[in-house]
Amino acid sequence: MCIDFKYEVGGFNMNKGFPKGFLWGGALAGCQAEGAYNEDGRTMSIQDLMIFDEKNDRKITKQAPMTMDIINERKNDLDISKYPKRRGIDFYNTYKEDIALFAEMGFKVFRYSISWSRVFPNGDDIKPNEKALSFYDNVIGECLKYGMEPLITISHFDMPVVLVEKFGGWHNRKLIDLYLDYCRVIFNRYKGKVKHWITFNEINMSIKAGPKTLGIIYDGQENFEEMLFQGIHHQFVAAAKATKLAHEVDENNQIGCMVAYFTTYAHTCDPKDVIEMQNDDRYRNLFYLDVQAKGVYPYYMKGYFEEKNISIKMEEGDLEIIKEYTSDFIGFSYYMSMISSARADEMELTSGNVMNVLKNPNLESSDWGWQIDPIGLRYTLNHLYDRYGKPLFILENGIGALDKLEEDGTIHDPYRISYLSKHIEQMKLAIEDGVDLFGYTMWGPIDIISSGTSEMSKRYGFIYVDIDDYGNGTKKRYKKDSFEWYKNVIRTNGEEL
């Protein structure tokens, strides 16, 4: 018997180019942009305690230590020059000007985060902070004014210090209820205005960046890794319950999960390298997506937990709600790739996102040592869509670089145009492969404070902000060459790169 397959859009159709209505835009985090760390009732987040280290070697990834003694010392230190995220780029006061520039580029969507410590300054307040909600009313209103969809990240690396001090962060199950109180407020406040939400930014960063993601502080505990996984379990439950709540508040809400995808390849065809690659992919990426997108703890984590002597406390109903309320779409960030090897100790390292990684000799690197791999994005899109079959959204993608402001006010950044155009081309090919990709918010459309190093020199934007690592400068905004380039990409729906 001969079966005749037709290749048509939607069925076995050959998709050509980006679909109509594709969501082009950019993404920022409030804790890296807003500043105003102590204005209108806001209390500190962990990010406000991150110091800029001028001696930092940009080619080596280091995680700054954070203990309760350090927290207590830094939160009382009023020398703002040490803590760049406290000042940000003053987005709290310049949001209208900045969003207007995004609109000029033609953004269809703007991803932004709400500060938990603005909305609930004491963590367990009975009522939310109205001044905070009014600010986000205005940010969302500016987006809608230009026909730009606001995409909101509920928790983006800005763990409130009060929740660390009062409850010990996400290790304490009490945070599930506090998070849901927060979600309930913003879901109802922005009903009909915000459709797409992200529960937790890059939830898989928790093992490497526990303080700013989980608020779990290392003070010599022997079972610290178990504490982190317990906190992650509480976030899984909170994300599922938030998804349930969001759909109850507004059936049009779409809730996404998000990971930072650490795409990896086997160093050689040695089967040991292949197993290493499989394990790296599972433990760094897939575990977090399997729980949130499939609704199950994957079988391979049982052996991992046994080997590490990790025991997670689950309450009755946890696994059921995780199973029933999975994410509506999968979001991820993609900056670089890495390689896996059973002989890692013998190999060269280079800098990467939150950790040093094995250097791939086939790839070029950014000024910060991150390996540039556009083709890896196509591979990752196919890998994720094949495994989960859910719509995908690239929530972050970009290159940090040393930009120079010329005397005439121009900034020439051909390296940024090259990086982004090559990645967008691979997105297009993945769509032609059949992947359901519906949005792209590059990171970050205007220069902001680096999440990892707290420096201003690591610039991602299409818009240059005249502030240096120490807060000096006019704060004036300048359009880089890439500004007009991305404007044309959006205008042509990705046809002209």
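Sum -39500 (n - 2.57) across every DSSP H segment of at least 4 residues in the chain, then divide by the residue count to get the 222 nm mean residue ellipticity, nearest 500. Walk me through the intermediate numbers first.
Values: 15 runs with 174 residues, N = 497.
My calculation for the chain gives -11000 deg cm²/dmol from helical runs alone.
With a 1.4 Å probe and all protein chains in place, put ASP436, ASP403 in order of accessible area, largest first. Please report the intermediate quantities before stating the final value.
Values: ASP436 60, ASP403 20 Å².
Ranked list, largest accessible area first: ASP436, ASP403.
Could you work out the relative contact order of the range 400-497? I mean the mean sequence separation of Cα pairs under 8 Å and 6+ apart, divided by the number of residues, in percent.
Working: 116 pairs, mean separation 29.6, N = 98.
Reported relative contact order: 30 percent.
Using a cut-off of 14 Å between alpha-carbon atoms, which aspartates and glutamates can reach LYS390, once sequence neighbours fewer than 8 places away in the same chain are excluded?
Leaving aside aspartates and glutamates fewer than 8 places away in the same chain, those within reach of LYS390 are ASP290, ASP328, ASP436.
I'd like the distance between the alpha-carbon centres of the range 412-459 and the range 155-178, rounded to an integer number of Å.
Using only Cα atoms to place each centre, the spacing works out to 31 Å.
Residues of the chain: accessible area per residue at 1.4 Å, in Å²? Walk me through the numbers on the way to the answer.
Numbers: 20520 Å² over 497 residues.
Accessible area per residue, the chain: 41 Å².
Taking θ as phi - 60°, what are the ³J(HN,Hα) couplings along the range 384-396 by the Karplus curve (6.51, -1.76, 1.60), each to the nearest whole Hz, with x for Gly and Pro?
Each residue's phi maps through the Karplus curve to give 5, 5, 5, 7, 10, x, 10, x, 10, 9, 7, 8, 8 Hz.
Spin-label point model (7 Å from Cα, Cβ direction): what's the SER365 to ASP69 distance in nm?
3.4
Spin-label point model (7 Å from Cα, Cβ direction): what's the LEU429 to ASN382 distance in nm?
For LEU429 paired with ASN382, the spin-label model returns 0.9 nm.
Below 19 Å, Cα to Cα, which lysines can LYS313 reach? Residues fewer than 8 away in the same chain don't count.
Of all the lysines, those that pass the test against LYS313 - Cα under 19 Å, at least 8 places apart if same chain - are LYS174, LYS241, LYS302, LYS323.
For log10 I(q)/I(0) by the Debye sum over Cα atoms at q = 0.06 Å⁻¹, pick the label among (1) -0.59; (2) -0.53; (3) -0.25 that corresponds to the value derived from the coordinates.
(3)
Quick one: if you stick a label point 7 Å off each Cα along the C-beta vector at ASP137 and GLU97, how many nm between them?
2.5
Compare the Cα positions of SER134, GLY25, THR268 along the charge dipole of the chain (+1 at Cβ of Lys, Arg; -1 at Cβ of Asp, Glu; about the Cα centre) and return the one farthest towards the positive end.
With unit charges placed on the Cβ atoms, the residue in question is SER134.
Cβ neighbours within 10 Å, averaged per peptide: list 107-118, 386-397, 84-95, 356-367 in order, most packed at the top. Working shown, then result.
Working: 107-118: 25.4, 386-397: 19.8, 84-95: 22.3, 356-367: 16.6.
Top to bottom by mean Cβ count within 10 Å: 107-118, 84-95, 386-397, 356-367.
Any idea of TYR218's accessible area? Nearest 10 Å², probe 1.4 Å.
Rounded to the nearest 10, the figure is 110 Å².
Compute the length gained on full extension between LYS82 and LYS127: take 0.36 nm times their separation in residues and subtract their Cα-Cα distance, giving the result in nm to one decimal. Could you put the intermediate results ahead of the total?
On the way: separation 45, 0.36 × 45 = 16.20 nm, distance 3.26 nm.
Net length gain for the segment: 12.9 nm.
When only Cα pairs under 8 Å and 6 or more residues apart are kept, what is the percent relative contact order across the chain?
Details: 978 pairs, mean separation 93.2, N = 497.
19 percent.
Taking amide H atoms as placed 1.01 Å from N in the peptide plane, list the residues 5 or more away in sequence, or in a different chain, whose amide H sits under 5 Å from that of SER337.
Hits under the 5 Å cutoff: GLN371, ASP373.
Report the calculated FRET efficiency for ASP481 and ILE310 (r = Cβ-Cβ distance, R0 = 41 Å), to the nearest 0.05. Provide the component values of the computation, followed by the final result.
Numbers: r = 49 Å, r/R0 = 1.21.
Calculated transfer efficiency: 0.25.
Which value, in Å² rounded to 10, gives the accessible area of PHE224 with a 1.4 Å probe and all protein chains present?
40
Set the Förster distance to 41 Å, then compute FRET efficiency between ASP270 and ASP436 from the Cβ-Cβ distance, nearest 0.05. Walk me through the numbers on the way to the answer.
Details: r = 35 Å, r/R0 = 0.85.
It comes to 0.75.
Grab the beta carbon distance between ARG282 and THR474, set R0 = 45 Å, and tell me the FRET efficiency rounded to 0.05. Display every interim value, and only then the final one.
Values: r = 48 Å, r/R0 = 1.07.
Plugging the Cβ-Cβ distance into 1/(1 + (r/R0)^6) gives 0.40.
Would you mind checking LYS75/LYS145; LYS127/LYS458; LYS131/LYS195 for any pair whose Cα atoms are more than 31 angstrom apart?
Values: LYS75/LYS145 38 Å; LYS127/LYS458 38 Å; LYS131/LYS195 23 Å.
LYS75/LYS145; LYS127/LYS458, as the Cα separations exceed 31 Å there.
Going down the table (LYS308/LYS428; LYS212/LYS487; LYS191/LYS212), which pairs top 30 Å between alpha carbons?
Where the Cα-Cα span goes over 30 Å, the pairs concerned are LYS308/LYS428; LYS212/LYS487.
The values are calculated or read from the model by the stated rules, or taken from the named source; none is laboratory data. From a predicted model like this one, the values you see are computed outputs, not experimental measurements. Cβ sites come from the backbone with ideal geometry, for glycine too, and all protein chains shown count toward neighbours. Keep in mind that these areas ignore ligands, DNA and RNA; they rest on the heavy atoms of the full protein, side chains included. Shrake-Rupley method; radii C 1.70, N 1.55, O 1.52, S 1.80 Å.
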